[in-house]
Structures are given as C-alpha cells and as structure tokens.
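The values are calculated or read from the model by the stated rules, or taken from the named source; none is laboratory data. Worth saying up front: this structure is predicted, and the values here are computed from it rather than measured. Using ideal geometry, Cβ is built from the backbone for each residue, glycine included, and neighbour counts are taken over all protein chains shown. To get the accessible areas, we keep the full protein, side chains included, count just its heavy atoms, and leave off ligands, DNA and RNA. Shrake-Rupley method; radii C 1.70, N 1.55, O 1.52, S 1.80 Å.
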Amino acid sequence: FSSKELIVRRGQAFVVTFSGIEQPEQNLTFIAETGPKPSKQAKTQATFGISSTVSKENWSAVLQSTSSNSASIAISSPANAVIGRYKLSVQSTSSGSSSPATLGTFVLLFNPWSSGDDVFMSNKAECEEYVLEEFGIIFSGNTHHINSFGWNFGQFQGDILNICLSMLDRSLNYRQDPATDVSHRNDPKYLGRVLSAMVNGNDDQGVVLGNWSGNYEGGKSPSSWTGSGEILQNWKKSGFKPVRYGQCWVFAAVLTTVLRCLGIPTRTITNFSSAHDADGNLRVDEFYDASGNHLERGADSVWNFHVWNESWFSRSDLGPSYSGWQILDATPQEESGGIYQCGPASRNAIKEGDVELDYDCPFVFAEVNADRMYWNYDPATGKKTLIFSKTTTIGQFISTKAVGRDDRVDVTSDYKYEEGSRKERDIFKKARKKLGLEDKFDPTAPTPKEIEQKPDISGKFKVAGPLEVGKDLNLILVLANLQSDVKSVHVNMTAWSTVYTRRPVREIWKDSISVTLSPGEGRCQTSLEHWQAQDIYHLSRKPVPVSDHPYDKEIFSYI
C-alpha cells in the first residue's frame, strides 16, 4: 500500500519509537481499540503493558532497544485479532496523568503468511497470486468457445482500502448492531458473507447494480469495465449509491479486489453451463408446449457461464476437512437469510454432497451438478410429462487463472467426481437425500425405467459453413429413425436470440416440416441425405453492432 497511515497484518509486529522517556518497561500502558464501542469482552479493545516476550493469544509490547533519549517498542496483535482501523493510545503511569495520549491510527489486516491466521496459505507463490497480484484473467463464453479477458483488480490503488472499510461500515449488519458487527470482523467467513451482500446493490445500497436487460441507459454497459478501481471510486464519489451496471464477472471481480485488499486470498472462478436452481430441488426444469415452444414457467435457468469467487480460509465451524477454498458469490440470484448474499460454501462440502452445511451449499451444488429435466406442459390441463433428462451437462470446464501465468486451469474435478461416474451419481443421490428430496418424484413423470428407454426418433442440428456475425446461418437438421418400422415425423423448429444467462430476448425464426423415415438408422440416413440436399434452411439476421467482448453478442439457441 502507498499510504501515510500505518498498515499492518495481524500476528506480525510493528515498531513504535519514543523519545524523551526513561525506563519505558515500567511506566507505559498501551490501548488499541476499534469500532464505535470498544470493549475488552468483544475483543475490540486491548490494554497491555510492556512484557519480555510476545504473546500469541493477546496483544503485547516488547522493548526492542533503548538509548539515552529514545526507546523502540515492538507491538504485536494476536493472529485472530479483529481487523479494521484501530486507534492506538499510550498512558504513562509516572506522569501522574489519568488520560491516555493518542499516538495515531493504523489499519490491521488478515495475514495469510502467519500460520496462526485463519487465512494462512502455506504456498508462498499462491499468496503472491491470490493476495498481492493486482492483475488477473477472467474466463467467459460457453462450453464450445472459452474466451478470456484481463482485469485490473487494483487492490493497492489509492483510497481503495478506505473504500473497502467503508463497505463494512455501511453493511446491514453494521447498521443493525455496530458493536457486534465489528466484534465479528476477526472471522473471514463472516466478512466474506457480509461483503458478498455489499458488492451488489440490491438490499443495502451496495457497490454495483446488476442489469441483464441490454439497455444500459443511465450507466455503463457491464462489458465496458476493465477494472475494479473505477467502480469503487465511483461508488464513493456518488455518495455510496450503486454504480450502474454490472453482471456476474463484474460482481466477482470487485469482490476479488475487496477481499484481497483486506488480506483474504481470493480468486475468480468461471463455471460453464451453470445452473440457477430457483426452487432448491437440485434440478433445472425446462418446459415446452406441444409445438416445441419454450414456456416461461418456473425460474430455473442455465447460464452459458457464471463467475463467482473462491476464498481461502479455515472452517472451525464445520471441521478441518471443510477448510480451504470457500465459494462466495456476490451476483444477486437468490436470497439467503433474507438478502442477496451467497456463501461461504466449502468446496469440499460441494464435492462430497454435504449440502446441509452452512452456507448456501444446495444452491452452489446445483450450479455445478444439477440434473436437467425437459418437460412437456399442457396449459389447458396443467399436466406435465417428462420428455427426457440430462445428467452430465451442468458444470463444465470450471476455470480459473493459473498461479504466476495467464493460462487457464480446469478445476472441475475439485467440485465433483467424474461426470456420469457411479461415484458422481451416488453423491448426487446423497445430496438429494440430505435435503429430503429422494422420494419426491412428480406423479405425472414416467418411471425411471421409462426414462431410460430410447426414443423412436433422434435429431440434432448441424451447422453448415462458417459462422460469421451478420451473415446467414445454414443449419442442417439430421434425423434418424431408431425403430424398425416407417415413421412419419412432423418437426417444429424455433430459434431465439438470448443473453448469456440464456434469458430469451425474441423469437427470430420459426419453421416446420414433415418427413417420412424408413426403418432402421442406416437406411434412414440414406433417405435423409436426399432430403437434406433439398431442404437446407437459412436463418437470416441483419448485421448488428457488437463489441470485442463475447457476452455482448447474441447467442442463438435452438429448440
């Protein structure tokens, strides 16, 4: 940090030099206090004299050196001290004065280099990357095209630390009970949860206001930001009004900046084909009518990609096996505890299906390992019938930046066992059971045996020719008859433009055809070749302006 104010890490000594004093070890008492109502009981106030050794459990002062007119004293905080801005005072018992003299203020931060700290990270290279590195790489796109872009986290820029401390003092927790809130600031899991709420502006006049509409009037497009510094500075300059606008990678990048600034090792994580399970059943339900039109029924969705955070700290509340990387998510998706916050969810708990543990494990588990259920819904009768399900498509290519390099590292295996394996399926069933969902099957759905049966017809679109923005898109529909008798098939086709959260924007193309397929897949393919040659359908769009960022481009979704 470049600051006139002293900034130190907890569990690590700093030296104060006095002049014009005699025998300091006998007549000096120090007072370190933080928060609006400092209290020894709340561990927001410490009173300590000069001792011969450093205390690991309490604040201490040790005489370093003396001369004829000066003394240097090393002051140490415990590794679990409350972080934040402190006032340091000293009282001299020999002067006869009863009131302490203020020496000044200092800021105390988490210390990942100290083995006694909850955020201790033994790997020095990882400390450099996840605490001190100011520049990073964030991944985006989709499972077929993974893109990356740079971000300036800028956690050591001027005034950023003060803004981060202001975030804590503007949280709902602080407003409701300032003294209690400050007393909990020794705990990284507490601060991580509070800050996951404060980075979004939904409940508390937090930092960034989300906008996925495509209309960014009155603010900036989320894709135009390149760093956190401007966003945090704008938040302060506006009188702490939410900055307009952000999407998931902006929320995650700003939270990375704040947590690194405070000393908590943090990185961004991108999950491709990321589920948003709104009803907590660990499934993503999609509904279609008899014509194949997507129905806006239910709030579940699958995003092309979603970006959140991992922070490194121990979980004394859960046990050592759940320590390490913890998932935090500042993007406002679902409320947790009545406000938009998410985490910290232990990554180990997610992998093992221990979804009953704090915090928000079911939601995070579904993001990386939900099953996709496709339903036919009849609006007239209200009946829904399961068409088919997919168990291996959610949570793909989970990515983060490599330590010391700009490469992509795939961490999917840290979130779940191999997709489709017996172990992964057992974990999924375990998670459902822990949530009391193992026996909750829809009465109108087919039995598991029926679900596993092969369909009569299989079909998929193939793209013919190059994909160019603003140019016609040529699609070939490949159908195959999987049965031994002739099949007459009527096909309804629609295409919609969507945003990266796969929220549909508008229907852009619709067509239908009928075709008769001979028995058997091989013979069917032969007849299809003749049909395909005559019936290549063109999907045309007028050229649209796009930026250099992949998430500004409209993505075609075929149903």
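Going residue by residue through the stretch 295-303, is there one that turns out to be among the polar types (S, T, N, Q) and at pLDDT below 95? Yes, there is a match, as at least one residue in the stretch 295-303 is among the polar types (S, T, N, Q) and at pLDDT below 95.
Of all positions in the stretch 100-110, at least one carries a residue that is surrounded by 16 or more Cβ atoms within 10 Å (Cβ to Cβ), touching a Gly at 6+ places or on another chain (Cβ under 8 Å), at pLDDT 95 or above and part of a loop (DSSP other than H, G, I, E, B).
Taking the stretch 132-164 as the range and being within 17 Å of Ile269 (Cβ to Cβ) and open to solvent by less than 50 Å² (accessible area, probe 1.4 Å) as the test, the residues that pass are Gly136, Ile137, Ile138, Phe139, Ser140, Gly141, Asn142, Thr143, Phe149, Gly150, Trp151, Phe153.
Confirm whether Ser2 is open to solvent by 60 Å² or more (accessible area, probe 1.4 Å), polar (S, T, N, Q) and touching a Gly at 6+ places or on another chain (Cβ under 8 Å). Criteria met by Ser2.
Residue count for the stretch 334-346, restricted to those that are open to solvent by less than 30 Å² (accessible area, probe 1.4 Å) and in contact with a strand residue (DSSP E or B) (Cβ under 7 Å, 6 or more places away or on another chain): 5.
Exactly one residue among Thr381, Thr331 is over 30 Å from Arg422 (Cα atoms) and open to solvent by less than 40 Å² (accessible area, probe 1.4 Å), and that residue is Thr331. The criterion of being in contact (Cβ under 8 Å) with a residue 40 or more places away in the chain, more than 30 Å from Lys40 (Cβ to Cβ) and surrounded by fewer than 22 Cβ atoms within 10 Å (Cβ to Cβ) holds for Trp212.
Here is a yes/no grid of residues against (1) open to solvent by 20 Å² or more (accessible area, probe 1.4 Å); (2) more than 14 Å from the chain's Cα centre (by Cα); (3) at pLDDT 95 or above; (4) acidic (Asp, Glu):
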position	(1), (2), (3), (4)
Gly263	no, yes, yes, no
Phe272	no, no, yes, no
Phe287	no, yes, no, no
Phe305	no, no, yes, no
Arg315	no, yes, yes, no
Ser321	yes, yes, yes, no
Gly324	no, yes, yes, no
Asp360	yes, no, yes, yes
Val368	no, no, yes, no
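All conditions but one from (1) in a helix (DSSP H, G or I); (2) polar (S, T, N, Q); (3) touching a His at 6+ places or on another chain (Cβ under 9 Å) apply to Ser321; the one that does not is (3).
Is it fair to say Phe18 is of a type in the set (A, V, I, L, M, F, W, C), within 19 Å of Leu109 (Cα to Cα) and in contact (Cβ under 8 Å) with a residue 40 or more places away in the chain? No. Here Trp249 clears all of (1) modelled with pLDDT of 95 or more; (2) open to solvent by 10 Å² or more (accessible area, probe 1.4 Å) except the condition numbered (2). From the residues in the stretch 289-303 that are over 30 Å from Arg408 (Cβ atoms) and of a type in the set (D, E, K, R), which one is most open to solvent (accessible area, probe 1.4 Å)? That would be Glu296. State which residue is farthest from Gln341 (Cα to Cα) when the search covers only the stretch 165-182 and only residues that are touching a residue at least 60 places away in the same chain (Cβ under 8 Å) and open to solvent by 30 Å² or more (accessible area, probe 1.4 Å). Within the stretch 165-182, the match that is farthest from Gln341 (Cα to Cα) is Ala179.
Considering the stretch 274-285, and only residues there that are among the acidic types (Asp, Glu) and out of contact with any Gly (no Cβ under 6 Å at 6 or more places or on another chain), the residue that is surrounded by the fewest Cβ atoms within 10 Å (Cβ to Cβ) turns out to be Asp279. Consider Ala197 carefully, then state whether it is under 23 Å from Arg405 (Cα atoms) and within 18 Å of the chain's Cα centre (by Cα). Considered against the rule, which asks whether it is under 23 Å from Arg405 (Cα atoms) and within 18 Å of the chain's Cα centre (by Cα), Ala197 comes out as no. Considering each residue of the stretch 31-40 in turn, at least one proves to be under 18 Å from Ser92 (Cβ atoms) and open to solvent by less than 30 Å² (accessible area, probe 1.4 Å).
Sub-6 Å Cβ pairs linking a first residue in the stretch 310-327 that is at positive phi to a second residue that is modelled with pLDDT under 95 and part of a strand (DSSP E or B), at least 6 apart or interchain, number zero.
Considering the stretch 394-413, and only residues there that are polar (S, T, N, Q) and in contact (Cβ under 8 Å) with a residue 12 or more places away in the chain, the residue that is most open to solvent (accessible area, probe 1.4 Å) turns out to be Gln396. The residue that is nearest to Pro112 (Cα to Cα), among those in the stretch 70-93 that are at pLDDT below 95 and among the aliphatic types (A, V, I, L, M), is Ile73.
Taking (1) over 23 Å from Asp407 (Cβ atoms); (2) modelled with pLDDT of 95 or more in turn, Ser228 satisfies each apart from (1).
Restricting attention to the stretch 118-131 and to residues that are assigned to a loop (DSSP other than H, G, I, E, B) and out of contact with any strand residue (DSSP E or B) (no Cβ under 8 Å at 6 or more places or on another chain), the residue that is most open to solvent (accessible area, probe 1.4 Å) turns out to be Ser122. Among residues of the stretch 103-121 that are over 16 Å from Trp325 (Cβ atoms) and touching a residue at least 40 places away in the same chain (Cβ under 8 Å), those with a beta-carbon under 7 Å from a residue that is assigned to a loop (DSSP other than H, G, I, E, B) and among the β-branched types (Val, Ile, Thr) at least six positions away or on a different chain give the pairs Leu108/Ile83; Leu109/Ile83. Under the condition of being surrounded by 12 or more Cβ atoms within 10 Å (Cβ to Cβ) and assigned to a loop (DSSP other than H, G, I, E, B), the residues counted in the stretch 41-73 number 8.
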